[in-house]
Amino acid sequence: MADAADGTGAADVLELARAGDGEAFRALTEPYRRELQVHCYRIVGSLQDAEDLLQETLLAAWRGLDGFEGRASMRTWLYRIATNRCLNALRAGDRRRRHEPASVPLEVVLPEPSRHRAEPRWLEPYPDALLADLPDRSPGPEARYETRESVSLAFLSGLQQLPPRQRVVLVLRDVMGFRAAEVAGMLGATENAVTNALKRGRATLAAALPGLDRERAPLPGSARERRVVEAFTRAFQAGDVDAIVALLADDVWLTMPPLDMEYEGQEAVGHFLRTVVMSGGRSYVLRPVRANGQPAFGIYRRDPGSAIVHAHGVMVLTLSGDRVAAMTRFIDNGLLSGFGLSRSLRES
């Protein structure tokens, strides 16, 4: 199909798409595919669910293209569809069933946690390789968060505590930078309702993230980050709990979404590592990846007497200065494929 460079303008492409030209429809929507997936991920917390919702959004857009009147941009129209699909999914709750904690197999009895959350967080890691595909598009003037911060696990965990309407309003206004009038149009609400939802959402998020520090996290790929990650890798693969604990912040958190158990502080996390992770002579191989703008690993457990190591989940580190402020362990081995990792490897 011809594009604008061949003399086919945007209006012509739109008319071709309305006439059933699939290539024309892809030309209209492809520039927004990745950012729409990230948008859905921020709201629902699951890459698999976000991809499903993206496909639903594109199908709804294809079927409803005659209803696109051009009063808003194609991008804004697609965000309206995607946002409402996400809201419907959150309200229905059916997508969450596959993440139920009861479905997570546990090999050992876990020690008493520092606290139990009232509800599990329906959260999965997002590979940085997908973030690299985001278009170089500055957020709107209303945005309060940078892209890296708005996909961090801390920020996403905070979002999970907001009711659905507050969550989508905060993402659209403070992350994407849409104006209040635009958000009201997307949600079929008044500007006053959007403003009130944003105010409540900001207050809840601020309470959930009192330690959000935009300055202390080392830059991705920096020498400081590499030093901490390399030291952590050596200690973890050697099974040296003391060396791991020495790298942890005093108020470090260990969480295992979607389990509701959380462990706080060096002593509690060190006890967990000794009695669960490294108990019984268990040892591991870490394969470095990146998730949510943070250093991460595919974890593999060694099999005594074999050169084959087997998948044992994904772990994401949150760094603060020269210390590990949080360890987030995702137990689902199915997540490894999103990072290009297999369920078993031959140890070199």
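Please treat every number below as a calculation from the coordinates, not as lab data. Just so it is clear, the model here is predicted, and its values are computed rather than measured. Note: ideal-geometry Cβ built from the backbone for every residue, glycine included; neighbour counts use all protein chains shown.
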- What per residue convex hull volume, in Å³, comes out for segment 134-212 when only alpha-carbon positions are used? 88
- Message: Can you compute 3J(HN,Hα) from phi for each residue in segment 140-149, using the Karplus curve 6.51 cos²θ - 1.76 cosθ + 1.60 with θ = phi - 60°, rounded to whole Hz and x for Gly and Pro?
- Response: x, x, 7, 5, 10, 10, 6, 4, 4, 5
- Query: Amide H neighbours of ARG323 under 5 Å, counting only residues 5+ apart in sequence or on other chains, H built in-plane at 1.01 Å?
  - Reply: none
- At q = 0.09, 0.11, 0.12, 0.14 Å⁻¹, what is the base-10 log of I(q)/I(0) for the chain according to the Debye formula with one equal point scatterer per Cα and no solvent? Please give it to two decimals. -0.55, -0.79, -0.91, -1.16
- Query: Around ALA143, which amide H atoms from residues at least 5 apart in sequence, or from another chain, sit under 5 Å from its own amide H, with H modelled in the peptide plane?
  - Reply: GLY177
- Note on the structure: The simple spin-label model distance between GLN55 and HIS310, using points 7 Å out along Cα→Cβ, in nm, is 3.0
- Message: Positive end of the dipole of the chain, charges at C-beta (+1 Lys, Arg; -1 Asp, Glu), about the Cα centre: which of PHE232, ASN84, LEU273 has its Cα farthest in that direction?
- Response: LEU273
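Restricting to Cα pairs below 8 Å that are 6+ residues apart, what does the relative contact order work out to for the chain? Please round to a whole percent. Can you show the working numbers first?
On the way: 517 pairs, mean separation 55.0, N = 348.
Rounded, it is 16 percent for the chain.
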- Task: For n ≥ 4 DSSP H runs only, could you compute -39500 (n - 2.57) per run for the chain, divide by its residues and tell me the 222 nm figure to the nearest 500?
- Result: -12000 deg cm²/dmol
- Extreme residue, positive dipole direction of segment 223-346, given options TYR300, HIS312, GLY340 (C-beta unit charges): GLY340
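Is the shape of segment 223-346 rounded, prolate or oblate, going by the alpha carbon gyration tensor and its root eigenvalues a ≥ b ≥ c, with a/c under 1.5 for rounded and a/b larger than b/c for prolate? The partial results should precede the final answer.
Details: a/c = 1.43, a/b = 1.27, b/c = 1.13.
Cα axes put segment 223-346 in the rounded bin.
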- Nonlocal amide H pairs with VAL289, under 5 Å, H built at 1.01 Å: ALA296, PHE297, GLY298
- Query: Under a Cβ-Cβ cut-off of 15 Å, what is the net charge of the residues other than VAL229 that fall near it, where Lys and Arg count +1 and Asp and Glu count -1?
  - Reply: +3
- Query: Longest span of the chain, sites excluded, free of GluC sites (Glu not before Pro) in DSSP loop with at most 15 other C-beta atoms within 10 Å?
  - Reply: 216-346
- Message: Classify segment 245-289 from the C-alpha gyration tensor, please: rounded if a/c falls under 1.5, else prolate or oblate depending on whether a/b exceeds b/c.
- Response: rounded
- Hz values of 3J(HN,Hα) by residue in segment 252-258 - Karplus curve (6.51, -1.76, 1.60), Gly and Pro given as x: 4, 10, 10, 10, 9, x, x
- Diffing segment 169-186: the Karplus 3J(HN,Hα) column from phi (6.51, -1.76, 1.60, θ = phi - 60°), in whole Hz with x for Gly and Pro, holds 5, 5, 5, 5, 7, 8, 9, 7, x, 5, 6, 4, 5, 5, 5, 4, x, 5
